[in-house]
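Take a look at the structure set out below.
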Amino acid sequence: MFYGSIVALITPFKDGDVDYESLKKLIDFHVNNGTDAILVCGTSGESPTLTFEEHERVIQEAVAYAKGRIKVIAGTGANATHEALELTYYAKKAGADACLLVVPYYNKPTQEGLYQHFKTVADEVDIPIILYNIPSRTGVEISVDTVYRLVKDCPNIIGSKESTPNMDRISELRKKLGDEFIILSGDDSLTLPMMALGAKGVVSVASNVMPREVKAMVDYALAGDFKKAMQMHYYLYDLFKVLFIETNPIPVKTACWAMGMCEKEFRLPLCPMKPENEKLLLDTLRKYNLPLVV
């Protein structure tokens, strides 16, 4: 159910608050461009700076406005299990199609702690769950053995988003868990290599900017046409890289602002780009003939 081109949607702000009207326009943009699903309240959605009330309302508004036109995955992970439980309960109540749960960050749990954390949420809330492995941000990686143990014990844990350059891990996941377990790339520039090893798509930052093209690359790979998928990969490669010249989601939100989709507004500790990096970003966007308003 949850594969293909999934956008890691930004959360637009205006005058210090979440801009729900712009959020609705972003959802329409992805419905109209064929994106397979949207992820709200993820890393690109600046979830660490959202209040609990805002986090829940973004999920509620996205589900209500999508009206089944596009799948909605809610980011509901936290570094405290009771918080992840509360957010996941709410996402199910609001009607989200699935939840993405990041590996708990900062407190660096053991593998047993990770198992107990995810199993507690999966046992308590009957909703499809995708694990989110991103050791560069969390400080700890969930092992393949722990993923296997969770999948064996929790039928609603259906996949993992993998933000790692370790392709051996992708091979190990596919070999140990089989084809039914959904592996999703968490890094645009690594999507094609991961899909060659059995991943089913991407949770994409670049799709905020060029959704049709990202979907085309993923669809070619899913169809086994890796020659065309590789052509799309190299076409998009400069975009993939420039969107990470500063911490995500600073560049991609700046790109969306340049395209007239949202305000260029962040919450501290995130802040606007350095002028020289913003110039490089805008120059790259112009190479793709995107409709800029700046």
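Every number in this text was worked out from the coordinates using simple rules, so none of it is lab data. Treat the numbers as computed from the prediction; the structure is a model and nothing was measured. In this analysis, Cβ positions are derived from the backbone assuming ideal geometry, glycine residues included, and neighbour counts consider all displayed protein chains.
Please work out whether segment 253-294 counts as rounded, prolate or oblate from its C-alpha gyration tensor, where a ≥ b ≥ c are the square roots of the eigenvalues and a/c under 1.5 means rounded, while otherwise a/b larger than b/c means prolate and anything else oblate? Verdict is oblate for segment 253-294. Between residue 111 and residue 25, the modelled labels are 4.9 nm apart [label points 7 Å from Cα along Cα→Cβ].
Calculate for the chain the 222 nm mean residue ellipticity that helices alone would give, adding -39,500 (n - 2.57) per DSSP H run of length 4 or more and normalising by residue count, nearest 500 deg cm²/dmol.
It comes out at -14500 deg cm²/dmol, rounded to the nearest 500.
Mean sequence separation of contacting Cα pairs (under 8 Å, at least six apart), scaled by the length of segment 220-294, corresponds to a relative contact order of 29 percent. The slack between residue 237 and residue 280, meaning 0.36 nm per residue of separation minus the straight C-alpha distance, is 14.0 nm. Within a straight-line Cα-Cα reach of under 29 Å, residue 264 can be paired with the following lysines, leaving aside sequence neighbours fewer than 8 residues apart in one chain: 14, 24, 25, 67, 71, 161, 215, 241, 253, 274, 279, 287.
Within the set of other residues whose C-beta is less than 11 Å from the C-beta of residue 73, count the net charge using Lys and Arg as +1 and Asp and Glu as -1. Taking every other residue near residue 73 into account, the sum is 0. Each Cα pair under 8 Å and six or more residues apart adds its separation to the average, and for the chain the resulting relative contact order is 18 percent. Within segment 45-195, the percentage of alpha carbon pairs spaced more than 26 angstrom apart rounds to 22%. Placing dummy labels 7 Å off each Cα toward the beta-carbon, the span from residue 126 to residue 290 is 4.2 nm.
Separation of segment 115-167 and segment 191-217 by C-alpha centroid, Å? Segment 115-167 and segment 191-217 have Cα centres separated by 21 Å. Here the contact order of segment 50-130, divided by its residue count and restricted to Cα pairs under 8 Å and six or more residues apart, works out to 31 percent. A dipole drawn for the chain from +1 and -1 charges on Cβ atoms has a positive end, and of 55, 77, 216 the residue lying farthest that way is 216. For segment 229-253, the residues whose backbone nitrogen is under 18 Å from a point 7 Å from the Cα of residue 136, taken along Cα to Cβ, are 237-253.
For volume of the Cα convex hull per residue in Å³, several values are listed as (i) 118; (ii) 162; (iii) 130; flag the one computed from this structure. Given (i) 118; (ii) 162; (iii) 130, the calculated one carries the label (i).
Counting Lys and Arg as +1 and Asp and Glu as -1, each charge on the Cβ, what is the dipole of the chain about the Cα centre in debye, to the nearest 20? Could the numbers behind the result be given before it?
Values: 32 positive and 38 negative charges, 138 e Å.
In debye, rounded to 20, the chain gives about 660.
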